[in-house]
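FYI, it's all coordinate maths here, none of it is from the lab. Owing to the predicted nature of the structure, the values given are computational and were not obtained by experimental measurement. When we count neighbours, we look across all protein chains shown, and the Cβ atoms used for this are built from the backbone with ideal geometry, even at glycine.
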Amino acid sequence: MPHLRPTAIAGLLLALVPAAATLSSCGFDYPTDRVNTIAGGENNREHSVDALGIRVLATAKGEGRLIGALSNNNAEPASLDAVSSPDGTVTASDFKKVDVEARGTVNLATLAPIALTGDFTAGDVVTLDLTFSTGETASLGVPVVKPCFQYTQVPAPHGDTAAADEDTAHAEESDAAEGHGEEGGDATYNCANEAPAPEGAH
């Protein structure tokens, strides 16, 4: 049986140590095990109820509704009881508390609108506090988006989808007629000159 020289044994050990170190790191912290957030909305996972993809969908300057999702991590039901702005720039209308079943999720865009008014327009970021029945409050910097493309089917705060679509169409016709997009007027809510964005990009 051939014998290995001491130098050969030492070389073999040096080669095996990095390999062992590499293998020992396998199986931990896979990218697929991490939270993957692909969205333009704001997320807060610090409390019992996760606030996910929260946005203000503005239908006009100073008018809009809260959209996004709420996911309850508790074994007990919870609810969103209040929406407020710490700096007082945004006010939420009275709304029926949003119930979230234990381990459940709700989509705010499919519920009765939580109407918001205040000093904001599309493209802004506003600070909102979401207060839950658990006694916890999630503070978020929420982007304000306009009712274009993937948002066209979300009902307006004070009306149905058809009315919102009609208002958007009238606004776009008015902008086109007055040349707002070319002459520096307010074309904030004109969707005509934008390419559709992928789902979740706003």
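Observations on the model:
- Label sites at residue 91 and residue 139, each approximated as a point 7 angstrom past Cα along Cα to Cβ, lie 2.3 nm apart.
- Close amide-amide hydrogen proximity is noted between residue 74 and 103, each under 5 Å apart and 5 or more residues distant or on a separate chain (H modeled in the peptide plane; Pro and chain starts excluded).
- Contour excess over end-to-end distance, with Cα ends at residue 110 and residue 152 and 0.36 nm allotted per residue: 13.8 nm
- Divided by 2.2 N^0.38 Å, where N counts the residues, the Cα radius of gyration of segment 74-127 comes to 1.32.
- The phi torsions of segment 91-108, fed into the Karplus equation with coefficients 6.51, -1.76 and 1.60 and a -60° offset, translate into couplings of 10, 9, 6, 4, 9, 6, 3, 9, 7, 10, 4, 4, 6, x, 9, 10, 9, 4 Hz, rounded to whole numbers, with Gly and Pro shown as x.
- Extension gain for residue 61 to residue 74 (0.36 nm times residue separation, less C-alpha to C-alpha distance): 1.0 nm.
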